[in-house]
Amino acid sequence: MNQGSSEFVVEAGAAVRERQVIIRLPDPNNMQIKAKINEARINLVRKGMPVSIVIDAFGDRVLRGEVIKVNKYAEPGNWWSSTAKKYITLIKILDPPLEIRSGLTAEVRIQVDRRESALQIPVQAVYERNGQTFCLVKKGDGWDTRRIAIDSTNEKMVAINSKVPSWPSKARCRA
């Protein structure tokens, strides 16, 4: 044991006492992922949400997971990191493969919303002005500007609220 430190160091000749924890081994059947969620998205994440997981070591194989905890407080920042706060979210891997190991790099996609049928357009096709959102709709040989209401969005696509009366049923938006 180091002088002045209460942390036990495993080394040859170190003294141990009865029932002292020497090492903790991960249980491959209870693996978790610690994901850092940006403050702009944290209000969308809830316990119990389904998660798609891709672990780099397994190629394109998609594993299932579930959010089991969302921290209420942001992680402490460093002077060299961005000013955006990050919140730790724990994700349980459901039915983990036998060859899983701790420390592997993973990409997670938390399913925060699901719709059977939704009109989606690229985020580049949406224009915002004075708190309202608009899109160009093909009308004959020209384009018509329509006010739209956004249901949900991600980095790539925007789901349009189809209950807005000015929205035609089969419109094509221009990106």
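The values are calculated or read from the model by the stated rules, or taken from the named source; none is laboratory data. Being a predicted model, the structure only gives us computed values, none of them experimental. Every residue, glycine among them, receives a Cβ derived from its backbone with ideal geometry; neighbour counts consider all protein chains shown. Ligands, DNA and RNA are excluded from the accessible area calculation, which covers all protein heavy atoms including side chains. Shrake-Rupley method; radii C 1.70, N 1.55, O 1.52, S 1.80 Å.
About the Cα centre, and with charges only on the beta carbon of Lys, Arg (+1) and Asp, Glu (-1), how big is the dipole of the chain? Nearest 20 debye, please.
In total the dipole reaches around 840 debye.
Just give me a number: lysine pairs in the chain, eight or more positions apart or cross-chain, with C-alpha atoms less than 16 Å apart.
Pairs that pass both the separation and distance tests number 21.
Quantify how much of the Cα-Cα distance distribution of the chain extends past 28 Å, in percent.
On the way: 7850 of 15225 pairs.
More than 28 Å apart: 52 percent of the Cα pairs in the chain.
With no solvent and one point per C-alpha, what does the Debye sum give as log10 I(q)/I(0) for region 52-143 at q = 0.25 Å⁻¹?
Each listed q corresponds, in turn, to -1.24.
Just the accessible area per residue of the chain, please: how many Å² with a 1.4 Å probe? Present the calculation step by step, with values, prior to reporting the outcome.
Details: 13550 Å² over 175 residues.
In whole numbers, the chain has 77 Å² accessible per residue.
Could you sort 44-53, 126-135 so that the peptide with the highest average Cβ count within 10 Å comes first and the rest follow in order? Intermediate values should be presented prior to the final figure.
Numbers: 44-53: 15.0, 126-135: 11.9.
Order by mean packing, descending: 44-53, 126-135.
Below 9 angstrom from the Cβ of residue 38, what's the summed charge of the other residues (Lys, Arg +1; Asp, Glu -1)?
Values: positive: 36, 41, 85, 86; negative: 39.
Combined, the nearby Lys, Arg, Asp and Glu give +3.
Using the charge dipole of region 73-143 (Lys, Arg: +1 at Cβ; Asp, Glu: -1 at Cβ; taken about the Cα centre), state which of 118, 88, 106 has its Cα farthest towards the positive end.
118
Relative contact order (percent) for region 6-134, with alpha-carbon contacts under 8 angstrom and 6 or more residues of separation?
Numbers: 172 pairs, mean separation 36.6, N = 129.
Averaging sequence separation for qualifying contacts and normalising by length gives 28 percent for region 6-134.
About the Cα centre of region 1-72, what is the dipole size in debye to 20, counting +1 per Lys and Arg Cβ and -1 per Asp and Glu Cβ, all else neutral?
Details: 12 positive and 8 negative charges, 93 e Å.
For this selection, approximately 440 debye.
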